Structures are given as structure tokens and as C-alpha cells.
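Nothing in this text is a laboratory measurement; each read-out follows from the coordinates by a stated rule. Model, not experiment: these values are computed from the prediction. Cβ coordinates were reconstructed from backbone atoms using ideal geometry, including for glycine residues, and neighbour counts include every protein chain displayed.
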Amino acid sequence: MNRPIPGTVEVAVRHILSDRTTGIFMRTRKVAWRDTDYRVRRPATGKQSVELICSVCEASLLAEVTDEARARRRSAVHLILAVLCAVVFVASLVYAIHVGGQVRPEGESGPALFPVSIVAIFVTFVAGPLFYLRRSGSNGVTMLDAPKPRRAHAIVPVRRTVVSTGRP
Ligand SMILES: [Zn+2]
């Protein structure tokens, strides 16, 4: 049981019960949800739309499932982008520290690349982790649409660790 079956992917329809942020200085976010697990069949090639029903509120969600190769490719692209961001971040940081620490005669502006490296540091600092998170979260299943009054849903990959429910 719970072993990955070729050609299928396990996802959960996440029904957000509550999403509250409390505190002024130390903000803590508490999200409560309930998942409905589904095993979705992947198409042989291309993409396919599937309908998933939330067991909590019976909302019907429209999801898009891509074939395995496409899902793997998308995940690989995100990983490459994350690694590139890390490389650019370190290189820009080293460069900015090196150039920023140089003493220049009055009136002479620094190299044109210096502001570029500062921008690169900030951009890659934000984008890198985002790409990395999307890599681990992308299994080729994305939510296309959810009914309007109950938009508080998400489709998440099911990660099986140790599941013991006591049932066979
Ligand atoms: Zn629901």
C-alpha cells in the first residue's frame, strides 16, 4: 500500500478551514486544513484536466495533470534556476564586496557593474529559494479553477512518510 504506481500521481485536495495571522511584532500564521487524498492518472503525453471533489465541502476543483516526463522536466528546470540563482548570488556578493571596498579618488564613480551586482544580489536572494520550493512542490498537478464562494482550496503533492492508521 502507498507505494508509487507508475503513471499515477498522488495529490491531496486541501480545504483551508482557517487562516489567521495574529500578533503585531511577532506575527504568527496559523493555518488549519483538511486533506482529501486522490490518486490521479497521468496522461501518456501532454496535459489533461481532471475534476477532484473536496470531501469537506463537496466543491469541485479543476486540476491539470501533465505527463511524467513533463513534470520531471519542470522540476529539473526549477532546480537549475535555483542553482543558477545561488551561483549569481555568491558571485555578485563577492564582486560587490571587492569593488565596494576599493578606495577611489574623489569624483570618480565606481564600475558600472557595481549597481548591477547589488540588484542581482537582491533579486537572486528572493528568487533562488522560490525556485527551490517550486521544484519540490511541482509534481505536474496544478489547480486550474475552484468554485468562487469556496476558493480556499489548494492541491498539494502527497508526501508519504510513515503512515500508520491502524487499518489494513
Ligand atoms: Zn472544500
Q. Helix 113-137 versus the longest principal axis of the chain: what is the Cα-based angle in degrees, 0 to 90, to the nearest 10?
A. 10
Q.
List the residues, sorted by chain then number, that are 5 or more residues from ALA59 or on another chain and whose placed amide H is less than 5 Å from its amide H.
A. CYS54
Q: First check a/c for region 1-142, with a ≥ b ≥ c the square roots of the eigenvalues of its C-alpha gyration tensor; if it is under 1.5, answer rounded, and if not, answer prolate when a/b is larger than b/c or oblate otherwise.
A: oblate
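Which peptide among 27-40, 101-114, 48-61 comes first, and what is the full order, when sorted by highest mean count of other Cβ atoms within 10 Å?
Taking the mean over residues of other Cβ atoms within 10 Å, the ranking is 48-61, 27-40, 101-114.
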Q) Can you give the extra length, in nm with one decimal, that the chain gains between ILE97 and ARG34 once fully stretched, where that is 0.36 nm per residue apart less the Cα-Cα distance? A) 17.9 nm
Q: Name the residue farthest towards the positive end of the dipole of region 1-104 from the options VAL83, THR22, LEU93, assuming +1 on Cβ of Lys and Arg, -1 on Cβ of Asp and Glu, about the Cα centre.
A: LEU93
Q.
Suppose a student asked you for the relative contact order of the chain, using Cα pairs under 8 Å spaced at least 6 residues apart; what percent would you report?
A. 28
**Q.** Environment charge at ARG74 (Cβ cut-off 15 Å; Lys +1, Arg +1, Asp -1, Glu -1)
**A.** +4
